1. So the check is Cβ under 7 Å with 6+ separation or different chains; which pairs have a first residue in region A:207-233 that's under 11 Å from A:G192 (Cβ atoms) and a second one that's of a type outside the set (A, V, I, L, M, F, W, C) and in a helix (DSSP H, G or I)?
2. Test B:L221 against the stated conditions and say whether it is outside the structural domain of B:N348 (by TED's automatic domain parsing), modelled with pLDDT of 90 or more and not in a strand (DSSP E or B).
3. Exactly one condition in (1) among the polar types (S, T, N, Q); (2) out of contact with any Asp or Glu (no Cβ under 9 Å at 6 or more places or on another chain); (3) away from chain A (no Cβ under 13 Å) is false for B:T289; which is it?
4. Can you go through B:A37, B:A71, B:A46 and tell me which one is of a type in the set (A, V, I, L, M) and under 12 Å from B:M1 (Cβ atoms)?
5. Given the condition touching a residue at least 12 places away in the same chain (Cβ under 8 Å) and surrounded by 21 or more Cβ atoms within 10 Å (Cβ to Cβ), answer yes or no: does some residue in region B:120-127 qualify?
6. Just checking, does region B:197-214 include any residue being part of a loop (DSSP other than H, G, I, E, B), more than 14 Å from every other protein chain (Cβ to nearest Cβ) and of a type in the set (D, E)?
7. Could you identify the single residue in B:S280, B:S271 that is within 14 Å of chain A (Cβ to nearest Cβ) and either touching a Phe, Trp or Tyr at 6+ places or on another chain (Cβ under 9 Å) or surrounded by 15 or more Cβ atoms within 10 Å (Cβ to Cβ) (or both)?
8. Return a yes/no flag: does region B:149-170 have any residue that is outside any strand (DSSP E or B), away from every other protein chain (no Cβ under 14 Å), without any contact (Cβ under 8 Å) to a residue 12 or more places away in the chain and of a type outside the set (S, T, N, Q).
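The values are calculated or read from the model by the stated rules, or taken from the named source; none is laboratory data. Predicted model, so just to flag it, every value in this text is computed and none were measured. Counting neighbours? That spans all protein chains shown, and the Cβs are built from the backbone with ideal geometry, glycine included.
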Amino acid sequence: MKNEPLTIRRWPRAILHVDADSFFASVEQTVNPELKGKPIVTGAERGIVTAASIEARALGISRGMSLSEVTARCPQCLLISSNFENYGLYSKAIFNILRRYTPDVEEYSIDEAFADLTGTRRMHHKSYIDIAHDIQNTIHTELDIPVSVGVSLSKSLAKLCSKFRKPRGMTCVPGYLIHELLARTPVGSIWGVGHNTEALLKKHSIKTALDFVRRPLYFAEELLGKVGVDLWQELRGDVRYGVDASAKQTYGSISRTRTFTPPSSSRDYVFAQLIRNLEYAMAKARRFGLATSRLTVYAKQQNFRSTAIELQLSQPSSSPLDVTALLREHFHHIFKEGHFYRATGVTLHQLTPQSGTQFSLFEDPMRSLKAESAAQAMDSITAQFGPGSVFLAERLHLGCHATSNKASPLPTLEKIAV
Amino acid sequence: MEIKITKSELLSGLFWTQSVVERKVTMPVLSNALLEATPKTLTITATDLEVGVRSTHTADVATPGKVTVHAKNLYEIIRQLPDEKVKLTVKANHWVEIVSGKSRFKIVGMSADEFPKLSFSEGKEVQSVPTDTVLEMISKTAYAMSTDEVRYNLNGIYCEARDVEGKPGIRFVATDGHRMAYCERPTPGKFALPKGVIIPRKGVGELKRLCDSGGDAPVSLYFDGKQLVAARGAVTMLVRLIDGQFPPYEQVIPKDLPKVVTADRKQFIDSLKRASLVASDMSHAVKMTFSPGMIEISTTNPDVGEVHEEMAATYKGETFDVGFNAKYFLDLLAVISDESVVMGLKNNVSPCVIRSEFDRGFLSMVMPRRL
C-alpha cells in the first residue's frame with residue numbers, strides 16, 4: 001500500500017511552475033555585476049529584509065529579519081534599497097520567455113508563474129523535462145536570473161516540485177512517481193495549507209501529503225470542505241486549478257503601503273501619509289474602472305506593532321473624497337498619541353466595476369457622483385501636468401514631499417523622531 | 001425521572017427543537033434538549049441563546065425530574081422506535097434509558113443545571129394575531145432583509161405598532177440598504193410597543209414555522225424590550241431581539257413622485273425573467289426605459305449577448321432611462337397579489353416606489369443602479 005502509485009498515467013497534463021530564487025536580490029546582482037557573489041539584502045528603505053541573495057542566505061540571513069540583526073550577524077552584508085521598477089521589468093521578461101514555449105502562462109506573482117506545457121512535446125521535439133531545462137537555461141543565459149523549476153500534473157504538484165530543490169533546482173515528477181514526492185512532503189508545505197490547517201490535519205495523524213491523499217475523498221471534504229476536495233484531487237494529479245492565461249485585468253484587492261524614515265509621532269503627518277496611500281490606491285482602482293466597498297487601513301509603529309481597522313462603505317466608491325471623512329473619524333483607532341509610526345497602508349477590497357454601481361437608499365447618490373467627478377478631474381490634471389500636480393490638502397502636512405509619490409526620506413514637520 | 005409517553009407526542013415536541021439547536025457548538029449543552037417532567041406533563045426546551053422553543057406534552061409521569069439529551073440524536077432514535085409506547089428513565093450520571101417494544105437504548109445525557117435559564121413568561125399585553133396575517137407580513141418583507149453580517153441591524157424585520165386605517169395595527173419593515181419593503185395590517189388589539197424592535201433573521205424563520213404549522217389557532221405575540229414571546233397551542237417560542245438602531249426608513253420614502261407608471265404584474269415578471277437570462281449573474285443589472293405607453297427592458301452582457309424586451313404600460317411624460325437590479329424587482333413582484341403594480345419615480349438616482357394596485361398597506365422601494 002505504502003509504495004503503490006497513486007496513478008499509472010505518466011503525463012495526462014504537464015504543468016510547469018517557475019519560481020525565481022531570491023528574486024529582488026538576484027535582480028540587483030544582475031543590474032550591478034559588482035554585487036555578484038556577495039551577500040546582499042534588499043529592503044533597506046523599510047528596515048527589514050525583503051530578499052536575501054543566495055550568498056546572504058548561506059550566512060543565515062532570511063526574509064523579515066531586521067537590518068540591525070543583519071549587520072550584527074554579518075557585517076560584510078550589503079544593504080540595498082528596493083527598486084520595484086527593475087523587478088517589474090525582469091518579471092515581465094521571465095513571463096515573455098515562458099510564452100515562447102506555450103501560450104498558456106499565468107503570471108501568478110512578481111516572481112512566480114505557471115505554464116501549461118500539455119501537448120507541446122511534439123512542437124519542441126523534446127520531453128517535458130528537456131523543455132523545462134531549456135526554459136531554465138534560457139532565463140539564466142538571457143536574464144542571468146536563477147530560477148527553480150518544477151513540472152508535474154497539476155499546479156499544486158508543480159509548486160511542490162519547484163520548492164523541492166532550491167536554488168537553481170529542477171524537479172520533474174510524472175504521474176507514476178507522485179507518491180514518492182508526496183511521501184517526502186510535510187503537510188505544512190502543501191500550497192494552501194496554513195498553520196491552522198496543518199495543526200488540524202496533524203490531529204488526524206496526517207503528517208505528509210501522502211497521508212492526506214491516501215485518506216478517502218469524503219474525509220478531505222468533511223474536514224476541509226471544498227478546499228479540501230480541490231487539494232486532494234490536485235495532489236493526486238487531477239487538475240482543479242486551471243492555468244489562467246488571461247492577463248491580469250481583475251483585481252481581488254488593491255494595496256498601497258509605504259514606509260517612511262525617520263518614524264513620526266505627528267498625527268497630521270501620519271494621517272497625510274495614509275491619505276497619500278489612499279489617493280494612490282483609489283487612482284489605481286479608477287484606472288481599472290473599479291470601485292471598492294470595503295477598505296482596511298493600518299499604521300505600523302516603530303516597534304513593528306501594527307493596528308488595522310476595516311471600514312465598510314455603504315456604496316462602492318473610487319474617489320478618495322468619499323472616504324477621507326470616514327477615515328478621519330476612525331483614525332484614532334490606529335493612531336495613538338505619543339507613539340512613533342513608520343508605515344501606513346491601505347487595502348481596497350470587494351472591488352466591483354465602477355459602472356453599474358448600486359446606489360444606496362440611505363446615502364445621497366449625488367454626493368458620491370460629485371466626489372467621483374472631482375476625482376476624474378484630478379486624473380485629467382495629473383495626466384496633463386504630471387504626478388503630484390494636484391492632491392488632497394491633507395498631504396500638505398508632508399511638507400516639501402507632499403507632491404512626491406515616493407516615500408519621503410526627510411520629513412520636515414515638527415515632532416518627528418530622530 | 002421516569003415517564004411513559006406516546007411516540008407521536010414526544011416526536012412532535014422534539015420536532016420543534018431540531019431547527020433551533022446549534023450545529024456548530026460553542027457550549028455543548030446548546031446541542032441538547034431539556035426534558036422536564038412534572039406530574040402529568042413533559043416539557044421539552046431547546047435554545048441557541050438567540051431563539052428558544054418550549055413545548056408541553058401530556059405524559060404519564062412516574063417520577064418527576066429533569067435531564068438534557070442531544071436533541072438531534074434523540075429525535076432520530078425516537079423516530080425509528082418500533083412501538084407507539086415509549087418509556088424514558090434517567091439513570092445515574094445522567095444516562096437516559098429509552099425502552100419501546102423490544103428496543104432498549106441507553107444514551108448519554110447532561111445535567112439540567114447547565115442548561116441556560118429562559119424566561120418564557122408572557123406579560124399582560126399579549127395580542128393574538130391570525131397566523132395568516134403574520135405569514136403574509138413576513139412573506140411581503142422578508143426578501144428585503146440584509147444578509148450582510150456587518151450590518152447586523154438590517155439582518156431582520158423591524159416591527160412597530162402603527163394605526164392602520166384608523167384601527168390599531170402592526171407594521172413589518174425590512175431593508176438591505178438597496179431596497180426596502182413594508183407591510184402593515186390591522187390587529188385585533190393594540191400592541192404595547194413604545195418603539196420599534198428588530199426580530200432577527202433566524203427568529204423570523206422560526207416564527208414563520210410556528211405560524212405555518214397547521215390549524216386555525218391564532219398566534220399570541222408579546223414583546224418586552226429584549227425579546228419576543230410567540231405562543232401557539234402547546235408551543236412557546238422566544239426570540240431575542242437585535243439590539244441595534246433601524247435606519248430612519250420613512251425619511252427616505254420620496255413624497256414627490258412626478259412620474260407614475262402602471263404595468264401588468266405578470267407581464268412585468270415574465271419580461272424581467274427573460275432579461276435576467278442575459279444579465280450578469282452578479283449584478284442582475286438591467287436598463288428600464290420608460291416612454292409614453294411603454295416600458296423597455298434591455299441589458300447587455302459581454303459573456304452572453306444582449307436582450308431587448310418591450311411591454312405596454314400606462315405612462316404619460318418624457319422618455320427616461322433608469323438602471324435597476326432585476327432580482328430586486330422580481331423578489332417584490334412575486335409577493336404582490338394584485339394584477340397591476342404602480343411605480344412612482346423621480347429620476348435615475350432617486351428610489352423607485354412600487355405599490356400594489358389596491359393593497360394600501362404594502363410599499364416597496366428599489367434604489368437604481370448606475371447605468
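1. Partner pairs satisfying both residue conditions: A:L224/A:T197; A:G228/A:E221; A:L231/A:S156.
2. no
3. Among (1) among the polar types (S, T, N, Q); (2) out of contact with any Asp or Glu (no Cβ under 9 Å at 6 or more places or on another chain); (3) away from chain A (no Cβ under 13 Å), B:T289 violates only (2).
4. Just a single option satisfies the conditions, and that option is B:A37.
5. No - not one qualifying residue is present in region B:120-127.
6. yes
7. B:S280
8. yes
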